[in-house]
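Novice: Once you've had a glance at the structure underneath, I'll fire off some questions.
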Amino acid sequence: MLRGALRKNGFDRWRLVMNGFGEATGEECTFFIEFYMVNPLISPSECVLGFKSRMRATTADLQAALAGTESEKSMLSEALVQPSFAMVKVGCLSKNGRQLNAFFPCSSVRMDTPDYLIRMGSTDADTCILTDTATLGSVTVTRADLLERPELMCNAGSFSWNLHYTIAESFFPNYNDKNCHWSCFGARTSYSGTIVMDGEKYSVSAKTSYGYFDKNWGHSFAAPFLHLSSCNLTSNISGKKLMSSCFAVQGEYNRRLSILTSFEGAMKEFHAGSHRKFDVHYECTEMPPDDDGVKLHWSVSMNDRKNLVDIDICCPTESMFVRDYECPEGGRRVMKVLGGGSGVGELKFYHRIKKNLELIEDVHVANCLCEFGNIELPEL
């Protein structure tokens, strides 16, 4: 989607999220695989990372600094640039979470062919692919890499995957704004295959992957950023597992959230970009510690003339992890997103009948993807 002005000031990100179980330990982990591109026309043939140190001071500046003149106080030692690169970001949003980044020149990226949606990498060893039905690839970052290039902003380790997927539930239309766009075309996605992280093999099955798949693009990130989604829902009314249900919440878009729900085929969509009037209130707060440790609490409430939606989700902080993204505008701005995949809580959907509320659905939510983020400005 990087066309026009977005080629010099824009980002494009595909995001896949799924759960898998360790074959040796049985431990459940939430994994993410992302294909991310920033400002491809600025430097098509070479990766430009904004956090790489670049001397800005001239010889005259250094002489002034040594002499202790007044001009030394206003001298900036490093130049700030706009980033330009393609990146595959992978990792896990569970206990001992991590992120691994592999960078590629934008000119090496291939996309929109009959064989794949996007392909990053120049050799068979580093190729990462996303197609309409599958994704595969491998990312390795050594400790030596991080010592030599701290601008990679990630952890050391290895991550490889070979997954097939089927999208079972999509929401349309997309959210579109002049600065940011969101397409939730895989709110309920089934993944199957294997993931190998740091030598440990994880099995991903369609029934327990509780997968999610979306796409974001535009000039800048939504900030503050909030996301909740899950397709592991159980009705508190009937006690039955809702096999064809899901929900997704995302924003903040012009001070509103998009709230999308589907309960056994009955879809209700409240898009932040629509002219439909509805009020949304949300917060993400830290709860007092208990026997289960410290948790973060997401609370979202939406109401209009006909409906009321209340969502309450808690996620243990020990199973959350902060991911970092360089912002398209550069200047060492970084989007920091705290996320976890083990959120648990409740969603209630009401229908208004004059002054009364009729409870339509009350569901228990598990394996909820919970995220909150904001842009961190550089220290000058």
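The values are calculated or read from the model by the stated rules, or taken from the named source; none is laboratory data. Owing to the predicted nature of the structure, the values given are computational and were not obtained by experimental measurement. Neighbour counts run over all protein chains shown; Cβ positions are idealised from the backbone, glycine included. In case anyone asks, the SASA skips ligands and DNA or RNA and just uses the protein heavy atoms, side chains included. Shrake-Rupley method; radii C 1.70, N 1.55, O 1.52, S 1.80 Å.
Novice: Cα centroid distance between the stretch 91-136 and the stretch 273-303, in Å?
Specialist: Answer, in whole Å: 33.
Novice: Also: Scan around V81 for amide H atoms under 5 Å from its own, H built in the peptide plane at 1.01 Å from N, and keep only partners 5 or more places away or cross-chain.
Specialist: G331, R332
Novice: Taking 0.36 nm per residue of sequence separation and subtracting the Cα-Cα distance, how much length would be gained by fully extending the chain between K277 and A24, in nm to one decimal?
Specialist: 86.0 nm
Novice: Next question, about the same structure. For the chain, what is one quarter of the convex hull surface built on the Cα atoms, given in nm²?
Specialist: Mean projected area for the chain: 22.9 nm², to one decimal.
Novice: Taking the Cα-to-Cβ direction at L377 and at A134 and moving 7 Å from each Cα, how far apart do the two end points lie in nm?
Specialist: If labels sit at L377 and A134, their model points lie 4.8 nm apart.
Novice: Quick one: of K52/K215; K215/K295; K215/K306; K52/K89; K268/K336, which pairs are farther than 20 Å apart, Cα to Cα?
Specialist: K52/K215; K215/K295; K215/K306; K268/K336
Novice: When only DSSP loop residues count, what trypsin sites (Lys or Arg not before Pro) in the stretch 311-380 have their Cβ near at most 12 other Cβ atoms within 10 Å?
Specialist: K354, K355
Novice: Are there any trypsin sites (Lys or Arg not before Pro) in the stretch 185-263 that are in a DSSP loop and have at most 14 other Cβ atoms within 10 Å? List them by number.
Specialist: K207, K240, R255
Novice: Roughly how far apart, in whole Å, are the Cα centres of the stretch 1-28 and the stretch 204-249?
Specialist: Measuring centre to centre over Cα atoms gives 14 Å.
Novice: List, in order, the whole-Hz ³J(HN,Hα) value for each residue of the stretch 192-208 obtained from phi through the Karplus relation with A = 6.51, B = -1.76, C = 1.60 and θ = phi - 60°; use x for Gly and Pro.
Specialist: 8, x, 9, 10, 10, 10, 6, x, 9, 8, 10, 9, 10, 10, 4, 6, 10
Novice: So, one more: How much area per residue is accessible in the chain when the probe is 1.4 Å and only protein heavy atoms are counted (Å²)?
Specialist: Averaged over the residues of the chain, the accessible area is 47 Å².
Novice: For the stretch 1-30, which trypsin sites (Lys or Arg not before Pro) are both in a DSSP coil and crowded by at most 11 other Cβ atoms within 10 Å?
Specialist: R3
Novice: In the chain, carbon and sulfur make up what percent of the accessible area (probe 1.4 Å)?
Specialist: Taking all protein chains in place, the chain shows 51 percent carbon and sulfur surface.
Novice: List the residues whose amide H sits under 5 Å from the amide H of A168, counting only those 5 or more places along or on another chain, with H placed 1.01 Å from N in the peptide plane.
Specialist: R188, T189, S190
Novice: Between M267 and T317, what is the spin-label point distance in nm, taking each point 7 Å from the Cα along the Cα→C-beta axis?
Specialist: Modelled inter-label distance: 3.9 nm.
Novice: If you don't mind, another one. Tell me, what ³J(HN,Hα) does each residue in the stretch 257-264 have, in order and in whole Hz, if you take phi through Karplus 6.51 cos²θ - 1.76 cosθ + 1.60 with θ = phi - 60° and put x for Gly and Pro?
Specialist: After applying 6.51 cos²θ - 1.76 cosθ + 1.60, I find 10, 8, 10, 10, 10, 9, 10, 6 Hz.
Novice: Each residue of the stretch 161-177 in order: what ³J(HN,Hα) in whole Hz does its phi give by Karplus 6.51 cos²θ - 1.76 cosθ + 1.60, θ = phi - 60°, with x for Gly and Pro?
Specialist: Ordered by residue, 3J(HN,Hα) equals 8, 8, 10, 10, 9, 9, 7, 9, 8, 10, 10, 9, x, 6, 8, 10, 9 Hz.
Novice: Run the simple label-point estimate for L357 and E200 please: 7 Å along Cα→C-beta, distance reported in nm.
Specialist: Rounded to a tenth, the inter-label distance reads 4.2 nm.
Novice: Give me the dipole magnitude in Debye, nearest 20, for the chain about the Cα centre, with unit charges on the beta carbon: positive for Lys and Arg, negative for Asp and Glu.
Specialist: The calculated dipole for the chain is roughly 1180 debye.
Novice: Also, I was wondering about something else. Apply 1/(1 + (r/R0)^6) to the Cβ-Cβ distance of K336 and I167, taking R0 = 45 Å, and write down the FRET efficiency to the nearest 0.05.
Specialist: Between K336 and I167 the formula returns 0.95.
Novice: Starting from the amide H of L233, placed 1.01 Å from N in the peptide plane, find each other amide H under 5 Å away whose residue is 5 or more places distant or on another chain.
Specialist: Here the answer is L242, since their amide H atoms fall under 5 Å of that of L233.
Novice: On to the next question. Using the Kirkwood formula on the Cα atoms of the stretch 277-380, what hydrodynamic radius do you get, in angstrom to one decimal?
Specialist: About 15.9 Å for the stretch 277-380.
Novice: OK, next. Can you check what the net charge comes to around T194, using other residues whose Cβ is under 12 Å from the Cβ of T194 (Lys, Arg +1; Asp, Glu -1)?
Specialist: -1
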